[in-house]
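Q: First the structure, then my questions, so here it is.
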Ligand SMILES: Cc1cc2nc3c(=O)[nH]c(=O)nc-3n(C[C@H](O)[C@H](O)[C@H](O)COP(=O)(O)OP(=O)(O)OC[C@H]3O[C@@H](n4cnc5c(N)ncnc54)[C@H](O)[C@@H]3O)c2cc1C
């Protein structure tokens, strides 16, 4: 085992809370997860791949994947800052200014500022270029108006990154600007959306003439689409769903099979093995991608392949666990029961929808990777 893996493993073994934290989709759970992030940051483990001046260790992408494997294997808490850490930060590294990186990244690494993604609107999800929320020029900045929705963690987060129409006369993929705003600024109303599991982490965001200074435009005004697509390739590709999440779940599934499976049920055994192989295959694919990026490669439309694969794997893996558990899947606290599988299943069902639906990803794969006609 390499030194870094050993350090991460030992630290997590000593620090991961023995009792799972309350769900991040409640105010109390959000605060508890923010506290956990601060512990991680104090050990310089919250953003290992970032440069040291921003709280990281300058670790390679491959070491980051190692960190993730250990993190999920230790069943450590959900990363409350993930939208900022894994979506906004790569965008700032690629398109932000030094001033923005210096100002925004350190508080993000410590979870002093937790970020939400404010892209979707009631009439613009898959067709993101249909967004109607506007950014109007004002003295020294912009005034934001409109409605955003499905914003994960916005109910409790501090700030948001969004896409706004700054030139209503332009062609729909142009005239968009990538802006950062404060969720508690004057003119912002955040309305929580209750989820299937009862939590209210999602929210709608209503903006009514919210002032944003020029310093909080990412990239060039009007170039928001191009910048947003670079965020999206990180979301679908490497950063949002690292393989550690699936290899850890597959290992738990194998354990469950050993404990609860019927050795004569070969069909079920095959499903368990398929899930395990799928997780390993995604791991290999991701390490290959990381090595390619380390060699100066880029991540583009091929990130859609990974997105379809991991989201479908996650559903299949959790369905297999629920079938193995039978009625015990729906209860917690009884001998042999494990409510985590049902929670995981409910969340897995969202995988084919968020980060761009799988139907849309299949279109991207067909047109841009396979060159099939539109
Ligand atoms: C768990 C979760 C977290 C999310 N977090 C965020 C967040 O933090 N910030 C944010 O901005 N958004 C977030 N979203 C929203 C997400 O990005 C959208 O739900 C997604 O883009 C789909 O948009 P929609 O819901 O409007 O569905 P629609 O676009 O209305 O799609 C409905 C159905 O029609 C299909 N469809 C639509 N167009 C086509 C087409 N051209 N060809 C084939 N099929 C098509 C879709 O695939 C889908 O099955 C989240 C969603 C979920 C489920």
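Q: Given R₀ = 35 Å, what would the calculated FRET efficiency be for residue 42 paired with residue 319, taking r from the Cβ atoms and rounding to 0.05?
A: So, using R0 = 35 Å, E works out to roughly 0.35.
Q: Using a ≥ b ≥ c from the Cα gyration tensor of region 71-142 (square roots of the eigenvalues), is it rounded, prolate or oblate, where a/c under 1.5 gives rounded and otherwise the larger of a/b and b/c decides, a/b for prolate? Display every interim value, and only then the final one.
A: Numbers: a/c = 2.54, a/b = 1.34, b/c = 1.90.
Oblate.
Q: Oh, and also: Determine the shape class of region 119-211: with a ≥ b ≥ c the square roots of the Cα gyration tensor eigenvalues, call it rounded for a/c under 1.5, and otherwise prolate if a/b is greater than b/c, oblate otherwise.
A: It comes out oblate by the Cα gyration axes.
Q: Rounded if a/c is under 1.5, else prolate if a/b is larger than b/c, else oblate: which is region 245-374, with a ≥ b ≥ c the root eigenvalues of its Cα gyration tensor?
A: Because a/c hits 1.5 or more and a/b exceeds b/c, region 245-374 counts as prolate.
Q: Then there is this: For a Förster distance of 22 Å, can you work out the FRET efficiency between the beta-carbons of residue 347 and residue 194, rounded to the nearest 0.05?
A: Details: r = 15 Å, r/R0 = 0.70.
Efficiency for this residue pair is about 0.90.
Q: Turning to a different aspect of this structure: Taking the Cα centre of each part, how many Å lie between region 110-125 and region 260-311?
A: 28
Q: Hey, what number do you get for the chain at 222 nm if only DSSP H runs of n ≥ 4 count, each worth -39500 (n - 2.57), divided across all residues, to the nearest 500? Don't skip to the answer; put the middle values down first.
A: Numbers: 11 runs with 159 residues, N = 374.
Computed ellipticity for the chain at 222 nm equals -14000 deg cm²/dmol.
Q: Sticking with the crude label model, points 7 Å out along Cα→Cβ, report the distance from residue 132 to residue 255 in nm, one decimal please.
A: 5.0
Q: Sticking with this one: Give me the percent relative contact order of region 28-184, please, defined on Cα pairs under 8 angstrom at least 6 residues apart.
A: Reported relative contact order: 17 percent.
Q: Pop the C-beta distance of residue 214 and residue 288 into the FRET formula with R0 = 35 Å and round what comes out to the nearest 0.05.
A: Calculated transfer efficiency: 0.30.
Q: Further question: Could you give the length gained by full extension between residue 13 and residue 184, i.e. 0.36 nm per residue of separation minus their alpha carbon distance, to one decimal place?
A: 57.9 nm
Q: Here is a follow-up. Tilt of helix 27-42 relative to the longest C-alpha principal axis of the chain, in degrees (0 to 90, nearest 10)?
A: 90
Q: Can I ask one more? Within region 15-36, what residues put their amide N at less than 16 Å from the label point 7 Å along the Cα-to-Cβ vector of residue 340?
A: Those under the cut-off are 15-24.
Q: Another question, if that's okay. If you average 1/r over every pair of different alpha-carbon atoms in the chain and take one over that average, what Kirkwood value in Å do you get?
A: Roughly 21.7 Å, rounded to one decimal.
Q: Arranged by the count of other C-beta atoms within 10 angstrom, fewest first, what order do 108, 229, 268 take?
A: Ranked by crowding around the Cβ, least crowded first: 229, 268, 108.
Q: How big is D for region 1-111, in µm² s⁻¹ as a whole number, if Stokes-Einstein is applied with the Kirkwood radius of its Cα pairs at 37 °C and 0.692 mPa s?
A: Roughly 227 µm²/s, to the nearest whole number.
Q: A further question on this structure: Once label points are set 7 Å from the Cα along Cα→Cβ at both residue 99 and residue 369, what is their separation, rounded to one decimal in nm?
A: 4.1
A short reminder: the numbers here are calculations on the coordinates, not readings from a lab. Worth saying up front: this structure is predicted, and the values here are computed from it rather than measured. Glycine gets a Cβ as well: all are built from the backbone with ideal geometry, and neighbour counts include every protein chain shown.
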